[in-house]
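The block underneath contains the structure these notes are about, expressed in structure tokens.
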Amino acid sequence: MQIQTFSIVVGTKACNARCPFCVSSMTGFGELPKRGAIELVHFAKACQLARLAGTTTVLMTGKGEPTLYPEEISEYLRLLVRSQFPFIELQTNALDIGWLARDGRAKHAKSLERHTLAGWRQSGLNTVAISVVGIDPELNRPVYHDDYPDLATTIKFLHEIGFTVRLCVMMQQGSVDTPEALQRVIDFCRINLVEQLTVRPIRKPDHSEDRDVSTYVVERGITHDQELVIRTWVERQGRRLLSLMHGAIVYDVGGQNVCLSDCLTNDSSNGDIRTLIFYSDGRLTYDWQYEGAVLLGGVPMALREADRRNREEI
């Protein structure tokens, strides 16, 4: 068995964006524990399993927006030092990072400052993956926030701190839905020195817990034919570099790293796991959609808090 990515769920369902295609809303928030001490015994086991299964990448993500919880991110980075995973990444809408770059302060995560980000890099965080629907503020503003910060400024700010930047484009009708639109994104990435570009269509899971979001995805998602046209164009324009687990393929398109991927955990026919998912209460799963995909159950908060007090007394 191989595991491609070790995902750590940071924070709660709180989010400063309003994505109408929110995957978290569709897959549900039932597994999210209340905030409390991180279950360290299960976390150590999760790290051990990931290493034994050949995992090279840790992704800090969230059912909400992870940058709203800077202290939790810092704590996970401290815990990850001993495991020595080569790649540690943060998935974010980058709104607060963008406001920090523009205004000198974040709007929602008040403790998120430039030195916080610099400290994360020094603690091993190397890549910041920014979720967008396109490169134009007219596209991102109605999806994420009325005061959407300039994307190029956000990228430059992260580069100045020393991060690798990945742009993660959620393809939908009216944004990136044609090869021409994708070419504009690629050109933007080249101009702004974005190291990695991932494009994926918005999708709904097999069983959605939010009818409104699912309806939006059905109505605004790109068609199979549109997706095929884009894939064919990338194949013709680019050169295959790497085939990742569950069908994701990395290309070089005119010197730009481009990955065609999917936003949901797909079944693997050979028993490999796309992502190992850790929740702060110690629950360990391997699929965002199905509650039955569990390896370790969560530990009650009272026990976790008692364990933390005992460690502090030693």
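All of the numbers you see were taken from the coordinates with simple rules; none came from a lab. Predicted model, so just to flag it, every value in this text is computed and none were measured. Here Cβ is always computed from backbone atoms with ideal geometry, including for glycine, and neighbour counts include all displayed protein chains.
The local environment of SER208, defined by Cβ-Cβ distances under 15 Å, has a net charge of -2 under the rule Lys, Arg +1 and Asp, Glu -1.
FRET efficiency for the SER261 to ARG308 pair, using the beta carbon distance and R₀ = 45 Å, is estimated at 0.75.
Listed values (i) 17.7, 53; (ii) 19.1, 62; (iii) 21.5, 76 include one computed from this model; for Rg and Dmax of the Cα atoms in Å that value carries the label (ii).
Shown for LYS63, LYS204, LYS34, LYS110: other C-beta atoms within 10 Å of each C-beta, ranked fewest to most, produce the order LYS34, LYS110, LYS204, LYS63.
The distance from the alpha carbon centre of segment 102-131 to that of segment 162-232 is 25 Å, rounded to a whole number. By the helix-only formula, in which each DSSP H run with n ≥ 4 contributes -39500 (n - 2.57) and the sum is divided by residues, the chain has a 222 nm mean residue ellipticity of -11000 deg cm²/dmol.
Ordered by the number of other Cβ atoms lying within 10 Å of each residue's own Cβ, fewest first, THR56, THR67, THR285, THR116 fall into the sequence THR56, THR116, THR285, THR67. Summary of the geometry: segment 247-263 and segment 38-101, compared by the centres of their Cα atoms, lie 23 Å apart. Between HIS246, GLN289, TRP233, the Cα set farthest toward the positive side of the dipole of segment 168-314 (charges on each charged residue's Cβ, about the Cα centre) is that of TRP233.
The order of GLU219, GLU39, GLU312, GLU72, going from fewest to most other C-beta atoms within 10 Å of their C-beta, is GLU312, GLU219, GLU72, GLU39.
Could you tally the net charge around GLN91, taking each other residue with its Cβ under 10 Å from the Cβ of GLN91, Lys/Arg +1 and Asp/Glu -1? That sum, taken over residues with Cβ under 10 Å, equals -1. DSSP bridge analysis restricted to segment 3-313 gives an antiparallel fraction near 30%, rounded to the nearest 5.
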